[in-house]
Amino acid sequence: MLTIDERSSVLLRAADARGGLQAQERPPSTYSLSETWELLWRYRRFLLAILIAGALASFVIAMLLRPIYTATSVIVFDRNDTRPYEAVVEAQRQERDRSSMETELDVIRSRVFIGVVVDDLKLVEDPFYNTYLPPPPPDSEGWLRDRVNAIASALSRRDDAEQLKRVRNIPPNAQRDRAISKLLENFVVDRKGESLALSINVHQVSAQRAAEIADAIASHYVAWTSRLKDTAIKNTVTYLQKQADDLAESIAERERVIAAFTGESGLTFDPKDDLLRARTEQLNEQLTLARVEEAGAWAKASEARQLLEEAQTDIGQVFTSELLTNLRTEEGRLQRLLGQLRSKFGANHPSVVDADAELASNRKMVSDEATRMVMELNNAGKVASLRVKTFEEEVARLQEKAKGRNLAEIKRRELERDLLSDQKRYDTIVLRLNLLNPEEQEAKPTAMIASFAEVPVEPSFPKPGFIVLAGLVGSAMLAVLAMTIADALDSRLYRPSDVEDITARPNIIRIPDFRRGGRVFHDFCRTMLRDTDTGFAKAIRSLCLAWRTIDSSSGGRVLMIASPSPGDGKTTLSLAMASTLKANGVRAIVVDLDPSPRGAGALSGFISSGEIGEVTRVDWENVESLTMVSPSYPFLEMVVAPLALQDYGRLLDLLRMSYDLVIVDTPATSISGEAVWLSSYVDSVLVVVRAGRTKEKQVLDIVHRFNFDSALLLGTVMNFDGTPRQSRPQRRHGWRGWLAGHWLRLSHKWTSARGHALRRYQGRAPTVGEGHHDRP
């Protein structure tokens with residue numbers, strides 16, 4: 001005897017040998033075009049409800065919103081911005097660029113300028129801008145808005161007298177600030193591209209008031225900027241005049257100081273009148289000449305001394321004078337005479353001796369004269385040196401005296417520079433005053449009004465058509481988002497591909513939804529066999545063909561049809577498959593193991609709900625005695641197994657030998673686990689999944705349980721599936737078909753009730769072999 005662990009290991013090995021299932025969670029799904037259409041059709045009521053609610057809400061909002069009118073005025077600025085009050089010449093005339101226009105935008109929306117508009121138009125007294133005031137009674141704005149305003153007034157019940165009393169306690173500056181803030185909220189200034197025009201858009205509940213405020217803002221801005229420029233020019237002129245007066249006084253005072261200082265320091269205003277400077281210049285010139293003479297005298301004296309000392313040449317040739325010239329002439333005569341006498345008388349002749357004596361005396365006189373002349377040159381050099389010294393002392397004395405005058409001259413030049421600076425400033429100021437004469441010319445405004453505001457006829461907000469369209473678009477986006485979130489959170493299965501991803505087995509067939517008005521046909525077998533072109537009939541025929549191709553080829557004759565939960569359509573599928581096979585000559589029988597009122601026996605009318613569980617006797621000798629045939633469905637054969645029966649293997653073996661296909665209809669696995677343990681007695685298993693109802697966890701659970709019991713899972717069947725066009729059968733017969741269907745249901749109920757009454761009258765319960773064909 002095997003234990004539980006041994007039994008489990010054997011079953012797992014058998015499942016591996018037969019290609020056991022490996023159930024897994026489905027991967028993140030992607031939608032094709034057809035699947036997207038199915039998703040939209042699945043949530044059509046949800047989407048439609050959101051769209052309708054969004055459209056209605058948008059319409060109601062558009063009707064309840066107060067109409068806002070927009071008035072537009074335009075001002076244009078000059079391309080060149082003239083600012084004569086600027087000190088820099090380049091800044092006095094500049095071309096407007098993007099930054100200057102942005103500055104104008106900021107100035108228009110400044111609280112200072114808006115305060116001017118508020119004061120001029122007395123907007124503090126307007127409840128629309130001064131929200132501290134009680135609101136005025138609303139005008140007639142349509143039936144819906146009037147009703148809402150009446151309800152709001154009734155609910156609020158504000159006392160105007162008390163509110164006015166409360167307003168008196170609020171400072172006027174606070175009320176003015178509130179009006180300024182409200183006006184800033186209700187007007188916009190914009191500019192297109194690089195244009196010099198500014199558009200002023202004012203939003204107001206009153207069309208006339210909107211145009212009035214737009215024109216007021218434009219006109220006040222032009223006048224305000226002109227007034228600011230004129231004020232700036234006047235302030236500049238006043239300042240410059242004061243500066244000019246102060247500078248004139250400063251210039252006069254500085255001139256007096258310079259004159260007094262010049263007199264005290266002995267300075268002159270004209271350089272020609274400066275004697276000290278002239279004397280100094282004269283002495284400098286004389287000193288220069290004296291130094292030149294001194295240098296020349298000492299040079300001659302030095303040269304003469306050097307020649308006398310060397311005695312290289314005749315001294316008479318070095319110095320020149322009248323005496324020396326005569327002596328040289330006499331010396332020449334004496335030399336000639338001496339030469340003649342020597343040649344004539346000889347060297348010892350007295351005449352020769354006298355001539356020699358005279359020549360020597362002449363030469364001595366020449367030497368003495370040269371010595372005297374050298375001494376004269378030395379004396380001339382000494383005199384020149386003394387003269388140079390005298391000039392130097394005089395120049396030094398004058399320079400010492402001029403040093404003090406130079407310091408005074410520096411001080412005077414400093415005073416003169418300050419005076420010149422003040423004079424230049426004064427000249428500049430006087431020149432600007434001549435250009436900024438407010439009495440001769442007025443300040444030209446930098447802007448002009450190009451267009452006054454037109455009183456609007458239609459409100460700019462709200463636009464009912466746009467709001468409703470935006471509401472529809474927003475509702476559609478919200479609906480799609482909600483649908484996507486709901487589909488992501490929804491674990492129910494809708495597509496065969498999702499089931500295939502979980503079970504790792506193919507989805508054999510997709511059975512369309514054959515329900516009409518939410519109810520199943522009681523005579524669906526006859527309807528299916530009669531209307532062979534319906535989607536349900538075609539799906540059943542395809543399922544039978546798939547079984548004959550897949551399972552019957554391998555010898556499988558016992559097919560169990562299971563489902564995770566009741567109401568998935570497995571019983572209907574079992575009966576429809578058996579009916580189709582019987583109609584095509586295949587011996588098929590249905591084994592009903594579901595004792596509930598939704599079982600095959602109760603659904604097809606073989607037994608009533610009161611007889612469920614009354615069959616207790618089983619005759620194993622005769623196979624035909626085990627079957628039951630209903631007079632309502634003579635083409636169906638069924639075995640209703642008793643609740644006490646435990647030998648299902650023996651029952652299925654007997655039926656396998658007599659029939660080509662045995663279809664076992666078991667209870668749902670969520671109610672009973674019999675289908676799991678009976679899967680070991682059948683040849684193959686087919687799991688029915690109901691589209692839009694069966695959850696992923698249920699399919700995972702049933703696949704794991706069948707895998708544990710080594711069941712051969714052929715695949716799955718997606719029931720109640722199909723496109724919206726296939727979800728309802730075609731009504732070919734109109735009201736006649738409707739009457740015929742009701743007549744068939746009534747006759748079926750009457751036949752079933754008659755058979756049940758006769759069995760109770762006889763006081764016995766039928767066996768498994770007793771069918772409806774044995775009843776009187």
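Scanning region 367-382 for residues that are in contact (Cβ under 8 Å) with a residue 12 or more places away in the chain, over 24 Å from Val292 (Cα atoms) and either among the polar types (S, T, N, Q) or open to solvent by 50 Å² or more (accessible area, probe 1.4 Å) (or both) turns up Ser367, Thr371.
One residue stands out in region 641-660 among those that are in a helix (DSSP H, G or I) and open to solvent by 20 Å² or more (accessible area, probe 1.4 Å): the one that is modelled with the lowest pLDDT, namely Tyr648.
For region 314-356, the candidate set comprises residues that are of a type in the set (Ser, Thr, Tyr) and surrounded by 13 or more Cβ atoms within 10 Å (Cβ to Cβ); within that set, the residue that is modelled with the lowest pLDDT is Ser321.
The sole residue among Ile502, Ile509, Ile485, Ile467 that is exposed (fewer than 14 other Cβ atoms within 10 Å of the Cβ) and either closer than 30 Å to Glu696 by Cβ or hydrophobic (A, V, I, L, M, F, W, C) (or both) is Ile485. Summed over region 666-693, the residues that are modelled with pLDDT of 90 or more and of a type outside the set (A, V, I, L, M) give a count of 1. Reported count of residues in region 441-464, each being more than 37 Å from the chain's Cα centre (by Cα), of a type in the set (A, V, I, L, M, F, W, C) and open to solvent by 40 Å² or more (accessible area, probe 1.4 Å), is 5.
The single residue among Lys401, Lys424, Lys364 that is open to solvent by 100 Å² or more (accessible area, probe 1.4 Å) and closer than 30 Å to Glu293 by Cβ turns out to be Lys401. If you go through region 97-111 and keep only what is out of contact with any strand residue (DSSP E or B) (no Cβ under 8 Å at 6 or more places or on another chain) and part of a helix (DSSP H, G or I), you end up with Arg98, Ser99, Glu102, Thr103, Asp106, Val107, Arg111. Taken over region 120-132, the criterion of being more than 13 Å from Lys182 (Cα to Cα) and touching a residue at least 24 places away in the same chain (Cβ under 8 Å) is satisfied by Asp120, Leu121. The set of residues in region 210-239 that are open to solvent by 20 Å² or more (accessible area, probe 1.4 Å) and among the small types (Gly, Ala, Ser) comprises Ser219, Ala223, Ser226, Ala232. For Cys544, the conditions (1) in contact with a Ser or Thr (Cβ under 6 Å, 6 or more places away or on another chain); (2) at pLDDT below 85 all hold with the exception of (2). Which residues, taken from region 59-112, are over 17 Å from Ser226 (Cβ atoms), in contact with a helix residue (DSSP H, G or I) (Cβ under 9 Å, 6 or more places away or on another chain) and β-branched (Val, Ile, Thr)? Within region 59-112, Val60, Ile61, Ile68, Thr70, Thr72, Val74 qualify.
Output yes when any residue across region 677-687 is open to solvent by 60 Å² or more (accessible area, probe 1.4 Å) and not small (Gly, Ala, Ser), and no when none is. The answer is yes; a qualifying residue exists. Looking for something open to solvent by 50 Å² or more (accessible area, probe 1.4 Å), at pLDDT 85 or above, part of a helix (DSSP H, G or I) and under 30 Å from Glu95 (Cα atoms) - is there at least one such residue anywhere in region 179-202? Within region 179-202, none of the residues are open to solvent by 50 Å² or more (accessible area, probe 1.4 Å), at pLDDT 85 or above, part of a helix (DSSP H, G or I) and under 30 Å from Glu95 (Cα atoms). Going by what's in this entry, would Gly556 be described as modelled with pLDDT under 85, over 54 Å from the mean Cα position of the chain (by Cα), open to solvent by less than 40 Å² (accessible area, probe 1.4 Å) and not charged (D, E, K, R)? Yes. The residue that is farthest from Leu433 (Cα to Cα), counting only those in region 82-96 that are open to solvent by less than 50 Å² (accessible area, probe 1.4 Å) and part of a loop (DSSP other than H, G, I, E, B), is Arg96. For region 244-267, a residue qualifies if it is open to solvent by less than 40 Å² (accessible area, probe 1.4 Å) and either in a helix (DSSP H, G or I) or at positive phi (or both), and the qualifying residues are Ala244, Leu247, Ser250, Ile251, Ala252, Ile258, Thr262, Ser265. Criterion applied to Ala504, Ala486, Ala447, Ala537 was being closer than 30 Å to Ala232 by Cα and modelled with pLDDT under 90, and the one residue passing it is Ala447.
The values are calculated or read from the model by the stated rules, or taken from the named source; none is laboratory data. None of these values were measured; they are calculated from a predicted model. Please note: Cβ atoms are built from the backbone with ideal geometry, for glycine as well, and neighbour counts cover all protein chains shown. To get the accessible areas, we keep the full protein, side chains included, count just its heavy atoms, and leave off ligands, DNA and RNA. Shrake-Rupley method; radii C 1.70, N 1.55, O 1.52, S 1.80 Å.
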